[in-house]
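Here's the structure we're looking at; comments come further down.
Each reported figure results from applying straightforward, stated rules to the coordinates on display, with no laboratory input. Just so it is clear, the model here is predicted, and its values are computed rather than measured. Here Cβ is always computed from backbone atoms with ideal geometry, including for glycine, and neighbour counts include all displayed protein chains.
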C-alpha cells in the first residue's frame, strides 16, 4: 500500500471490532477473564487495549517498522528509549542542536544517574567518529533539528555508530513518516511526539516509538508496561483520526512553508531564514536526498536581535498563535529562547545560535495569502 492508503487502513480490521468503520474507543481499565489462569490478548489497560494496539500497528506501518509503541507523551517515549538502552557507565552522544526537553532529560536526569552525556555537532558525520567511544551505547539524532532546522546524515551516522556497537535513535517529529523514514536509512529506533503533526489538531498529548529489532522492542515494551506512561484510549483514537489526513495536511504544510520561507528571505526585518528547502541552506542537498519534501517549520532571526523585538512581532500576529507546540492545522509562533528551549542554559543557547530575537514558525494549512498577509503586517515598521 502507498502511504496515504496505509494512513487510513493499516493496523485495523473492522471484522474484529463488530464491523466498526473507525477504531472504537475501549474506555475500560480491565478486561474480564472466563477462567483463572486464562491468557488474554488484553487484560489490563496499562499493558494494552484494542484502541492502542490499532494505533501502534498503524504507526508501525507508516514508519515501515515491525513494531510500534505508544506513550503518554513524546517525552515519555524518549524516556522509555533511554532507559531501555542505557545503564550507569554508558555514554549517549546527542546532536547538540536539539529540542530543549530532550536536552533537559539528557543533561539533568541521565547525567545524574551516572550516564555520560556528550553533545556534538553532527552536521558532519566525521565528528561522530572523533567523539564516539567504547562506552557509547546510543546515538541520539534529530533531523531537521529543533529549532534551527539543521540536517544530519542518518545513513552515514548510523554506519559509524554500528561499527562501534551503538544503537541509533532518531526523533522524526519535524519530518513525520510522510517525509522521512529513518529505519530505512539505517536507524534502529524512531521516536515521535505525536502531539505534533501525527495528531495534527493540537488536541492530544502522545508519543510513539517504532523499531524493527525484536530485542529492542521487548526492552522498550517492558519499560512501557512497567512504568505505565501510556496514553488513554481517547488520545489513541484522536491520534488515529489525525493520522488519516496526514498525507493531505503535510502537502499543504510543505507548500505553505516554502512560500513563507521565500517571502521572509527578502524581508527587510529578517536577518536570516532557516529552512532546508532554501538552496543556500547548508543541509539543502542532504534534505533533498534524505527527505521527500522540506517540512512545515521555518525559523527566523529578526534584524533586531532582542526579546522585545520578538515579543513585538509575536504580539502583532493575528493568525499565528504564540504557543509551545507545532504541527497543528493552525499556524503557531514559538519564541525558542524562552519557550521550547527555556530550560537550556544561556551559554548553551549562545553556542548553538539560539537568539533572543529568533522566532520558530509552525506554518499551518490556512490559505497562504492570509498567512503571508499576517506576517507582512506583523513585520511592518
Fewest-first sequence of 75, 1, 250 by Cβ atoms within 10 Å of each Cβ:
1, 75, 250
Segment 179-198 and segment 133-148 have their Cα centres apart by a whole-number Å value of 13 Å
Nearest 0.05, what FRET efficiency do residue 330 and residue 105 give at R0 = 22 Å with Cβ-Cβ as r?
0.20
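Can you classify segment 152-284 as rounded, prolate or oblate using the Cα gyration tensor, where a ≥ b ≥ c are the square roots of its eigenvalues, rounded means a/c under 1.5, and otherwise it's prolate if a/b beats b/c and oblate if not?
Values: a/c = 2.66, a/b = 1.33, b/c = 2.00.
Oblate.
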Computed over segment 40-184, the Cα gyration tensor eigenvalues, each multiplied by 5 and square-rooted, give semi-axes in Å (largest first) of 27, 18, 14
Modelled label-to-label distance, residue 18 and residue 222, 7 Å Cα→beta-carbon offset: nm?
3.8 nm
Expressed in angstrom and ordered largest first, the alpha-carbon extents of segment 115-207 along the principal axes are 43, 25, 24
Between residue 262 and residue 315, the FRET efficiency computed from the C-beta separation at R0 = 30 Å comes out, to the nearest 0.05, as 0.75
Using Cβ counts within 10 Å as a stand-in for footprinting exposure, how do 192, 341 rank, fewest first?
341, 192
How long are the three semi-axes of the equivalent ellipsoid of the chain, in whole Å, if each is the root of 5 times an eigenvalue of the C-alpha gyration tensor, listed from largest down?
34, 26, 18
Could you work out the helix-only [θ] at 222 nm for the chain, with each DSSP H run of four or more residues adding -39,500 (n - 2.57) and the total divided by the number of residues, to the nearest 500 deg cm²/dmol?
-10500 deg cm²/dmol
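Quick one: order 3, 71, 274, 31 by neighbouring beta-carbon count within 10 Å, fewest to most.
Fewest-to-most ranking of 3, 71, 274, 31: 31, 3, 274, 71.
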Inter-label distance, nm, simple model (7 Å from Cα along the C-beta direction), residue 248/residue 32:
4.0 nm
For the residue pair residue 305 and residue 124, what label-to-label distance in nm results when each label sits 7 Å from Cα along the Cα-to-beta-carbon direction?
2.3 nm
Tilt, helix 214-227 to longest principal axis of the chain (alpha-carbon atoms), in degrees rounded to tens, equals 90 degrees
Using the Cα gyration tensor of segment 172-230, with a ≥ b ≥ c the square roots of its eigenvalues, what is the shape: rounded (a/c below 1.5), prolate (a/b larger than b/c) or oblate (neither)?
oblate
I need two numbers for segment 246-379: Rg to one decimal and Dmax as a whole number, Cα atoms only, in Å.
14.2, 40
Which value results when the Cα radius of gyration for segment 145-187 is divided by 2.2 N^0.38 Å?
1.17
